[in-house]
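Novice: Structure below; questions to follow.
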Amino acid sequence: SGQACTLYGFPGVSAVSRGGGQLGRAAARDHADPVRLVTLRPGATAHVLLRIVDVTNFPAASCDPANAVALRVYPPNDRRSVEVPFAFRACRNGGPVYLDVRTTVGGAGIPGFSG
């Protein structure tokens, strides 16, 4: 963005089917990290850690595996989303939790190397 902004909390993240519908449940919130206000200068970045579980770990009847073609991401406290192309196996059913997301952190992130 060309102007400063603030982010606080968790983004909304869900898997998207080829037809544009949501697959399964939205990502659960992982509270392992404290929630902090992130202020971004113009052109700055923030990141979150998203965990995607291999859905073959769930019984097929409870998951109903399907192909996701994208992730739908809502910035914290925003109603507008963006779709990020990303193919993976997802659950069509809403039972199993196969996505979870941590809180927003300022800067570019590489798990295990940056915070």
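The values are calculated or read from the model by the stated rules, or taken from the named source; none is laboratory data. What you are looking at is a predicted structure, and each value in this text was computed from that prediction instead of being measured. We place every Cβ from the backbone using ideal geometry, glycine too, and count neighbours over all the protein chains shown. Please note that ligands, DNA and RNA were not included when accessible areas were found on the heavy atoms of the full protein model with its side chains. Shrake-Rupley method; radii C 1.70, N 1.55, O 1.52, S 1.80 Å.
Novice: How many residues are without any contact (Cβ under 8 Å) to a residue 60 or more places away in the chain and farther than 16 Å from Thr104 by Cβ when one looks only at segment 21-45?
Specialist: Of the residues in segment 21-45, 4 are without any contact (Cβ under 8 Å) to a residue 60 or more places away in the chain and farther than 16 Å from Thr104 by Cβ.
Novice: Checking Glu83 against (1) touching a residue at least 40 places away in the same chain (Cβ under 8 Å); (2) touching a Lys or Arg at 6+ places or on another chain (Cβ under 9 Å); (3) not in a strand (DSSP E or B), which single condition isn't satisfied?
Specialist: The single condition Glu83 does not satisfy is (3).
Novice: Does Val16 count as touching a residue at least 12 places away in the same chain (Cβ under 8 Å), touching an Asp or Glu at 6+ places or on another chain (Cβ under 7 Å) and β-branched (Val, Ile, Thr)?
Specialist: Details: touching a residue at least 12 places away in the same chain (Cβ under 8 Å): yes; touching an Asp or Glu at 6+ places or on another chain (Cβ under 7 Å): yes; β-branched (Val, Ile, Thr): yes.
It is true that Val16 is touching a residue at least 12 places away in the same chain (Cβ under 8 Å), touching an Asp or Glu at 6+ places or on another chain (Cβ under 7 Å) and β-branched (Val, Ile, Thr).
Novice: While we're here: Could you figure out which of (1) assigned to a loop (DSSP other than H, G, I, E, B); (2) open to solvent by 50 Å² or more (accessible area, probe 1.4 Å) isn't true of Asn67?
Specialist: That leaves (1) as the condition not met.
Novice: Could you list all residues from segment 1-37 that are open to solvent by 50 Å² or more (accessible area, probe 1.4 Å) and small (Gly, Ala, Ser)?
Specialist: Residues satisfying the conditions are Ser1, Gly2, Ala4, Gly19, Ala26, Ala32.
Novice: Restricting to segment 64-79, give me the number of residues that are more than 15 Å from the chain's Cα centre (by Cα) and at pLDDT below 95. Talk me through it step by step, then tell me what you get.
Specialist: To start, the set of residues in segment 64-79 that are more than 15 Å from the chain's Cα centre (by Cα) comprises 64-67.
From what's left, at pLDDT below 95: none.
Looking only at that region, the number is 0.
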